[in-house]
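One structure is given below, encoded as structure tokens.
What follows draws every value from the coordinates through simple rules; no lab data is involved. None of the values given here were measured: they were computed from a predicted structure. Cβ sites come from the backbone with ideal geometry, for glycine too, and all protein chains shown count toward neighbours.
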Amino acid sequence: MGIFKRFFEKLKYAFKRTELNDDFYDELEALLVSSDMGVETAMDIMDELRDCCKQKLIKDVDHAQVELRRILIEKLNVSEVKFDYPLIITVVGVNGVGKTTSIAKMTKYFLKNKKSVLLAAGDTFRAAATEQLNDWAERLKVKIIKQGEGADSASVVFDAITSMKAKNTDVLIVDTAGRLHTKTNLMKELEKINNIAKREYPEANFLNLIVLDASIGQNSIAQVKAFKDSVEIDGIILTKLDGTSKGGVVYPIINDLNVPIIFTGFGEGVDDLSIFDADSFVDKILM
């Protein structure tokens, strides 16, 4: 049984209490903290729930659960995602978070929505990264722009944009290197990619998305901050929200960092990616 499922079962068990008392609130707060939500976020939610129940004269657990659902959804504060085309998505993230697989999943998402897709192998630091992305391009039957190992990433992006404009492609997805141990060079590289993209195709729409591994919990927040210091981050692709994640990390990510979650991944299959939906996410916790 995965951690995610065990956490949800404990949360459901807490709502089987018949009395709305301090023990109930304490148990619920401890569960929220254990979900990777963080102490401060969990305390804020519980304070709001206590105040709400007091103001509305709520005395039973069932009605408290209804109010908690409302609070959890409001805390996520996610508006409906709307993609405008032509669209250039630059994907960042440290190595090992599932960046290339997430690109493949996004590609499949756009293809299912009748959009043409082009991939750019901008992680020229690792030959394996280009090979992996090329394999996905072949499987999904989309074109990929690539160069040799050690090539200038910005040059790859320039070629990709040239192709995108010539063929009126709807979506260009750019892979990038994830070498945080050489942060200064990496951030300069990302800035150069963004500048070239906006210079060569100013009428396009741009998104910088960071891929995060939900299973590493609060450490994912540090990764966002590391990139956000130098590169504008428009949204998050949160992976591994399945048997290895407790899920609560979405709250400090959205509320503390003010970065929305755009996509969530719940499995390893190429179709296991969906637009983040706050109502659905909270219902999986409480129902």
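Observations
- In this structure the amide hydrogen of Val259, modeled in the peptide plane, comes within under 5 Å of no amide hydrogen from residues 5 or more places off or on another chain.
- Three-way shape label, segment 70-123, alpha-carbon gyration tensor, a/c 1.5: oblate
- Among the listed pairs Lys82/Lys108; Lys188/Lys240; Lys141/Lys167, those whose Cα-Cα separation exceeds 20 Å are Lys188/Lys240.
- Lys, Arg +1 and Asp, Glu -1 on Cβ, resulting dipole of the chain about Cα centre, debye, nearest 20: 880 debye
- A full extension of the chain between Glu40 and Lys82 corresponds to an added length of 12.0 nm, given 0.36 nm per residue minus the alpha carbon distance.
- Over the chain, relative contact order from alpha-carbon pairs under 8 Å, at least 6 apart, %: 26 percent
- Within the same chain, aspartates and glutamates fewer than 8 places from Lys198 are excluded, and of the rest, those with a Cα less than 18 Å from its Cα are Asp84, Asp152, Asp159, Asp170, Asp175, Glu189, Glu232, Asp234.
- Take the Cα of Glu268, step 7 Å toward its Cβ, do the same at Asn21, and the gap between the two points is 4.7 nm.
- Inter-part distance where segment 122-163 and segment 40-64 are each reduced to a Cα centre, Å: 51 Å
- Degrees, to the nearest 10: 3-14 long Cα axis against longest axis of the chain: 20 degrees
- C-alpha long axis of helix 39-55 to longest principal axis of the chain, angle in °: 50 degrees
- Charge dipole of the chain about the Cα centre (unit charges at C-beta), most positive-ward option of Ile221, Ala120, Phe266: Ala120
- Bridge type composition, segment 87-277 - antiparallel percent by DSSP, nearest 5: 10 percent
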